[in-house]
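Sharing a structure, written as structure tokens. Questions coming.
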Amino acid sequence: MRTPFQMSTLVMIILLSLLAFLTVYPLGMIFYGSFRSSAPGDPGFWTLNGYREAFSDPTIIKAFWTTMFIGIMRTAITMVTAVFICWIVIRTDTPFKDGFEFLFWIGFFLPALPMTMGWILLMDPDYGFINKLWKSLPFTTGPLMNIYSYAGIIWAHIGISTSIRVIMFAPAFRNMDASLEESARMSGESNLGALVKITFPLLIPAIMGATLLGFIRSLEAFEVELLLGMPAKIFVFATKVYDLLRWEPPKYPPAMALSMVFMIMVFLLVFLNRWVIGKREYTTVSGRGFLQRPIMLGKWKWATFTFCALYLAIFTFLPMTFLVIGTFMKISGLFNVPDPWSMRHWTAVLSDPLLLPSLKNSIIIGLAAGVLGSIFFSIISYVSVRTKLRGRMVVEFLSWLPWALPGILLALGLLWVFLGGIITLKFMYGTIYILILAMIITDIPVGTRIFSGTMVQLGKELEESSRVLGASWIRTFRSIVMPIMAPTFVAVGVITFLSAMRSIQTVVLLYSGKSRTLSILMLEHYIGLSPEKGMVIGVMITFIVIVVALAARKFGLKLGLRQ
Amino acid sequence: MKKSLLSAISLSLFLALSGCSSTVREKESIPRMEEKTMTEIETRPQWQVEWDQAVKVAKKEGKVNVYASFSPDARVALTEAFKQKFGIDAEITVGRGGEIAEKGIREYRTGLNLVDVYVGGSSTLLLSVKPAGLLGKIEPLLILPEVIDPQVWWTKRVPFLDKDNLIISFIAYPSSPLTFHKDIAKAEDFTSMRGILNPKWKGKITIDDPTSSGTGSTWFAVFGSVLLDYDFMREVARMEPVIMRDERLQVEWVARGRYPLGVAASSDIVTEFLKAGAPLAEVTPVEGTYVTSGSGAVAFVEKAPHQNAAKIFVNWLLSREGQTVFSKAMGRQSAREDVPTDFLLPSRIRQPGGKYVRTDDEEWRLAMPKKFEIAREIFGQLMK
């Protein structure tokens, strides 16, 4: 009969092997490729030419610091804003707070590029709608804000980035024991003081993890930066990678060499995360249960209500409105033509025979990735934060890796692994199964961070009681932890489902005619230089997001723990 | 009894004679049938026999897999028309040139032979797909006389792009190198390309990025090394143009008058804006312009899993019928001279006597990296 210890070791070996194959292997191919004269699998020789070419660009250092500046500013602003918003919608008695939380979910899944085009229509210094209104006022001289600037780039990211952070911080906020804050107030602390001195420190693991993930993502962002930065000669690091991949043939070695910078950043940030969190305790949920009681704000609740309403109006409704309007125009945003309106984009998209099969594929892939991914992410998180098994820090580190590379390079790595690796998955190639696997890999960092942020709040006594009664840790996980974490499971599943619906870069190299998804259809229209049709599909995806989020909400979906 | 005997004899004689005559008829028929079949065989051209046989086998194969980098409109149009004509599915996977090439190359290298035909840009096919060794000779596949007849093509020969005759470019549309806002500028200002050097346009010009693959680099190479020279380019750089990476934004800015001149703007996007009624105009200067294939080049994969279906698809695509479908869907002029052009904008149609530089052949494409370097030297400062 196996002892629990041996079973745990076996599970750890399996988990490490699986994670290594899914994360280390593709990144390893990229690392290997950075020292070769050609792409992996092609004839070539060992060389440092990739690095020489990549770092001999005189503008690369400036691009790096520009990236860091935009990344830090964007992350800091959205972190502070998201913490405040989470506190409002989860910890206080602000009216309509559940509705606000739901709307942040919607904001998370709005497509970035069409939203940015919406911001251009609003904030172009010459013809932007808001700037024209502003300039018409008697006391103004110039535009309110130029979207083609550092401020403009940061602004364009705020809406979606804040929504992501709200979703990721929410579970931890929900699991706060209100008695801790009440004790602070009884000792004379204000509500805001309790937020800063009590709530925030206890939420550091969740906030730290999500913030670092967001910072990594901001380093790799380039589409918005390309659109808004080029006219102002603002170049970011990821644009350089993109440039190299646009060559015919693509310049893989220098692109991969540049990406090593991202990998180094991830290593440093993971260590920083570990160091900050350290060995401190963050328990808020123990065996005696925890108190969930909203903080009464009195008349201030209308101020917080107004803040959330305005925030959503500006960063979600306004660009979303322009996105929808744009789909009914001949040329999105071009009003200065005779009869600018047209249904032809909708007609073209709806009459495409590939629309329904693509939708079907997206839903199947999303569901499968959501269900299987949730289970997988929860196991990784549990092993990392709830066990003392040897190798758990390696597991945690590996779970960050999929975001150590820009999306297209990760997709390339996956392609090389699946087709030509030590263990090939050629038999799955071209099917939806490989896309399901790719989607799960891509969402490992997000899914595990959300689970980890919640799991650290569980008191040890819950599991200790189970172990004392003779249950193995697997049994404890299944019978104690999973039921308590059920809402988080559902939430992570929904996030993974919706992420799979709109993912492009992960699937673009792995799909075939039979496994085409809705997001690939959207990409095809952008390639065909018809962004309006791409926006139609973007609106469709947003509609699906709203339906799924509403349905999940109806079943009591909340990020957090079950009472 | 005599009567019966007579009847029997008569009947026998009748039957015998019928048999003989039928035999005679048969014998007479057989030689006639053989003659007729032999006549048919003799008069049916060899290509027709080959074509019919290929169609028959292609139908059994059931589908052709195409990797392409053109618009979904073209995908839908080609798929429907091909299916209607032959009852064979065309499974078209669309992607960006580099990505779709990488996909196919990786599959090939690992022994997965999934793709039959590539249709895309000349750069991708010449610089990525061909060097990877995927392509097979396309010439032996060409069966239809209307495809191999050199007179139907504008170059008066089948338009192979490379010296090994592996890739054919079937689209050849002229690109207007200059687009302008017609309420701010006039066509007369740009009779020559040098018209953009007029000081009044300083700081008011956008150019598609000439330092990487795209319309901007083609414009730079054509006007820098063929129609004009690199001194002209240096003067253009002194006009402080805005270098654009986003093709859509460039045309939008011109349409709004923010920057009234757009050099090397995307023809497809300009066409869309013109059709929508945007206040744009195009001009082709006296120096001439360039003809490009866009995403209109085709190549056959040597280890295609559906050889006959690929053969049928390629021939059909290069035929008048296939070219009409593609040209209409993409809004670009075919390299065939017999394809209608009434659905195209006049500026997208080659004019008799027009001065056109061909930019798609192998020699031109292989020389482009060096031209990127020169473009970087001249325009690089504007991008810092």
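Can you confirm whether the range A:453-471 contains a residue that is in contact with a Ser or Thr (Cβ under 8 Å, 6 or more places away or on another chain), closer than 30 Å to A:A255 by Cβ and surrounded by fewer than 16 Cβ atoms within 10 Å (Cβ to Cβ)?
No; the residues of the range A:453-471 include none that is in contact with a Ser or Thr (Cβ under 8 Å, 6 or more places away or on another chain), closer than 30 Å to A:A255 by Cβ and surrounded by fewer than 16 Cβ atoms within 10 Å (Cβ to Cβ).
Looking at the range B:247-264, can you tell me whether even one residue there is more than 10 Å from chain A (Cβ to nearest Cβ), within 22 Å of the chain's Cα centre (by Cα), surrounded by 20 or more Cβ atoms within 10 Å (Cβ to Cβ) and closer than 27 Å to A:G229 by Cα?
yes
Let me ask something else. Cβ-Cβ below 7 Å, separation at least six or inter-chain, first residue in the range A:186-203 and within 13 Å of A:C86 (Cα to Cα), second in a loop (DSSP other than H, G, I, E, B): which pairs?
So the pair list comes out as A:T199/A:M176.
Then there is this: Take the range A:346-363 and flag every residue that is in contact with a helix residue (DSSP H, G or I) (Cβ under 6 Å, 6 or more places away or on another chain), away from every other protein chain (no Cβ under 12 Å) and either without any contact (Cβ under 8 Å) to a residue 60 or more places away in the chain or crowded, with 17+ Cβ neighbours inside 10 Å (or both).
A:L359, A:N361, A:S362
While we're looking at this one, here's another question. Identify all residues within the range B:265-284 that are among the charged types (D, E, K, R) and within 8 Å of chain A (Cβ to nearest Cβ); write none if there are none.
Of all residues in the range B:265-284, those among the charged types (D, E, K, R) come to B:268, B:272, B:275, B:282.
Once the filter is applied, which keeps residues that are among the charged types (D, E, K, R) and within 8 Å of chain A (Cβ to nearest Cβ), the range B:265-284 yields B:D268, B:E272, B:K275.
Sticking with this structure for a sec: If I filter the range A:523-550 down to residues being within 10 Å of chain B (Cβ to nearest Cβ) and aliphatic (A, V, I, L, M), which single residue comes out as surrounded by the fewest Cβ atoms within 10 Å (Cβ to Cβ)?
A:L529
Give the residue that is surrounded by the fewest Cβ atoms within 10 Å (Cβ to Cβ), with candidates limited to residues of the range A:123-144 that are within 16 Å of A:L318 (Cα to Cα) and away from chain B (no Cβ under 14 Å).
A:L133
Something else now. How many of the residues in the range A:184-197 are within 15 Å of A:R91 (Cα to Cα) and of a type in the set (S, T, N, Q)?
So the count comes out to 2.
Then there's this: Restrict the check to the range A:8-21 and report whether at least one residue is more than 25 Å from A:I444 (Cα to Cα), over 31 Å from the mean Cα position of the chain (by Cα) and either of a type in the set (S, T, N, Q) or not in a helix (DSSP H, G or I) (or both).
no
While we're on this one: Scan (1) within 17 Å of B:Y118 (Cα to Cα); (2) at pLDDT below 95 for the single condition B:N308 breaks and write down its number.
So the condition that B:N308 fails would be (2).
For residues that are in a helix (DSSP H, G or I) and hydroxyl-bearing (S, T, Y), scanning just the range B:297-340, find the one that is surrounded by the fewest Cβ atoms within 10 Å (Cβ to Cβ). Write out each step before concluding.
Residues of the range B:297-340 that are in a helix (DSSP H, G or I), as a first pass: B:307-318, B:320-330.
Those left that are additionally hydroxyl-bearing (S, T, Y): B:324, B:327.
Working: B:T324: 18, B:S327: 25.
Among those residues, the one meeting the criterion is B:T324.
Restricting to the range A:294-338, name every residue that is more than 10 Å from every other protein chain (Cβ to nearest Cβ) and either of a type in the set (G, A, S) or assigned to a strand (DSSP E or B) (or both).
A:I295, A:G298, A:A303, A:A309, A:A313, A:G326
Determine, yes or no, whether A:V166 is buried (at least 23 other Cβ atoms within 10 Å of the Cβ) and either in contact with a Phe, Trp or Tyr (Cβ under 6 Å, 6 or more places away or on another chain) or assigned to a helix (DSSP H, G or I) (or both).
Numbers: buried (at least 23 other Cβ atoms within 10 Å of the Cβ): yes; either in contact with a Phe, Trp or Tyr (Cβ under 6 Å, 6 or more places away or on another chain) or assigned to a helix (DSSP H, G or I) (or both): yes.
So A:V166 passes the test.
Moving on. Looking only at residues that are within 14 Å of chain A (Cβ to nearest Cβ) and of a type in the set (G, A, S) in the range B:107-155, which one is farthest from B:T359 (Cα to Cα)?
B:G111
So is A:T306 among the β-branched types (V, I, T), in contact with a Leu (Cβ under 8 Å, 6 or more places away or on another chain) and within 16 Å of A:F100 (Cβ to Cβ) or not?
no
Moving on. Given the conditions (1) of a type in the set (F, W, Y); (2) within 14 Å of another protein chain (Cβ to nearest Cβ); (3) within 27 Å of A:A486 (Cα to Cα), report the number of the one that A:W341 does not fulfil.
Condition (3) is where A:W341 drops out.
Tell me whether the range A:363-379 contains one or more residues that are under 26 Å from the mean Cα position of the chain (by Cα), farther than 30 Å from A:F451 by Cβ and β-branched (V, I, T).
no
Further question: From the list A:S503, A:S452, A:S519, which one is among the small types (G, A, S), within 30 Å of B:R248 (Cα to Cα), under 18 Å from the mean Cα position of the chain (by Cα) and more than 14 Å from chain B (Cβ to nearest Cβ)?
A:S503
Rundown of residues vs (1) small (G, A, S); (2) modelled with pLDDT of 95 or more; (3) assigned to a helix (DSSP H, G or I), yes/no style:
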position: B:L228; (1), (2), (3): no, yes, no
position: B:F232; (1), (2), (3): no, yes, yes
position: B:V236; (1), (2), (3): no, yes, yes
position: B:I243; (1), (2), (3): no, no, no
position: B:L249; (1), (2), (3): no, no, yes
position: B:E252; (1), (2), (3): no, no, yes
position: B:I269; (1), (2), (3): no, no, yes
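The values are calculated or read from the model by the stated rules, or taken from the named source; none is laboratory data. Since this is a predicted model, take the numbers as computed values, not measurements. Heads up, the Cβs are rebuilt from the backbone with ideal geometry, glycines too, and the neighbour counts pull from every protein chain shown.
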